[in-house]
Amino acid sequence: MKGEAWLFTGTALFFGGTMAVYAWFSGEPAGTAALAVSFLMTALVAAFLWRQYRRGGSRPEDRGTAEVQEAGGRRAFFPGRTYLPVTAAAGTALIGLGVVQGLWLCLIGFGVLLPAVVGFAFRTLDHPQ
């Protein structure tokens, strides 16, 4: 994860520097906001990758002298099939429609989205670490 973490850290620094220069010289809020969101999204991914690197340690892909056989075996836990992504997408779509159409549809969307989010949060609690 170290290579990926450095890549996203560099990208976040680029967006942060570009945002500062753009905000200073243009004074236009839309472009500054777009660059700020780009900076925050890449910084979030970089922080996650750094956390995973510190948590899991170095991988064979991080070393230039690694052999292919070193990367074999169990790599990560992937949960089984679930309906939760479709439920979360439907709830989010209903919330978006509810903003336009009316509060009643938005409340139904939150009712659909809440079980999906709770299911995502507690899905892997039974998995032994």
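Before moving on, here are some points about what is shown:
- The phi-based Karplus calculation (6.51 cos²θ - 1.76 cosθ + 1.60; θ = phi - 60°) puts the 3J(HN,Hα) values of region 99-110 at 5, 7, 8, x, 5, 4, 6, 5, 5, 4, x, 5 Hz, whole numbers, x for Gly and Pro.
- Exposed loop sites, defined as chymotrypsin sites (Phe, Trp or Tyr not before Pro) outside DSSP H, G, I, E and B with at most 13 other Cβ atoms within 10 Å, are absent from the longest region of the chain, namely 1-76.
- The 3J(HN,Hα) values that the Karplus relation (6.51, -1.76, 1.60; θ = phi - 60°) gives for region 13-27 are, in residue order, 5, 4, 5, x, x, 4, 5, 5, 5, 5, 5, 5, 8, 9, x Hz. Gly and Pro appear as x.
- For the chain, the Kirkwood radius over C-alpha pairs fed into Stokes-Einstein at 10 °C and 1.306 mPa s yields D = 85 µm² per second.
- The charge dipole of the chain, taken about its Cα centre with unit charges on the Cβ atoms of Lys, Arg (+1), Asp and Glu (-1) only, comes to about 360 debye.
- Stretching the chain fully between Phe25 and Trp6 yields a gain of 4.0 nm (0.36 nm per residue, less the alpha carbon separation).
- Paramagnetic reach from Ser58 (point 7 Å along Cα→Cβ, amide N under 15 Å) across region 1-25: 1-4
- Extension gain for Ile108-Ala47 works out to 18.5 nm (0.36 nm per residue, less the C-alpha to C-alpha distance).
- Accessible surface ranking that places the most exposed of Thr65, Thr92, Thr42, Thr18 first, with a 1.4 angstrom probe: Thr65, Thr92, Thr18, Thr42
- Couplings 3J(HN,Hα) of region 29-39, computed from phi: x, 5, x, 5, 5, 5, 5, 5, 5, 4, 4 Hz, in residue order, whole Hz [Karplus 6.51 cos²θ - 1.76 cosθ + 1.60, θ = phi - 60°; x for Gly and Pro].
- Relative contact order (percent, whole number), the chain, Cα cutoff 8 Å, 6+ residue spacing: 20 percent
- Overall shape of region 1-70 was characterised from the C-alpha gyration tensor. The equivalent ellipsoid obtained from it has semi-axes of 34, 11, 7 Å, in decreasing order.
- With a 1.4 Å probe rolled over the protein heavy atoms of all chains, the accessible area of Val45, Val100 falls in the order Val100, Val45, largest first.
The values are calculated or read from the model by the stated rules, or taken from the named source; none is laboratory data. What you are looking at is a predicted structure, and each value in this text was computed from that prediction instead of being measured. Cβ coordinates were reconstructed from backbone atoms using ideal geometry, including for glycine residues, and neighbour counts include every protein chain displayed. Note: accessible area is taken over every heavy atom of the protein model, side chains too, but ligands, DNA and RNA are not part of it. Shrake-Rupley method; radii C 1.70, N 1.55, O 1.52, S 1.80 Å.
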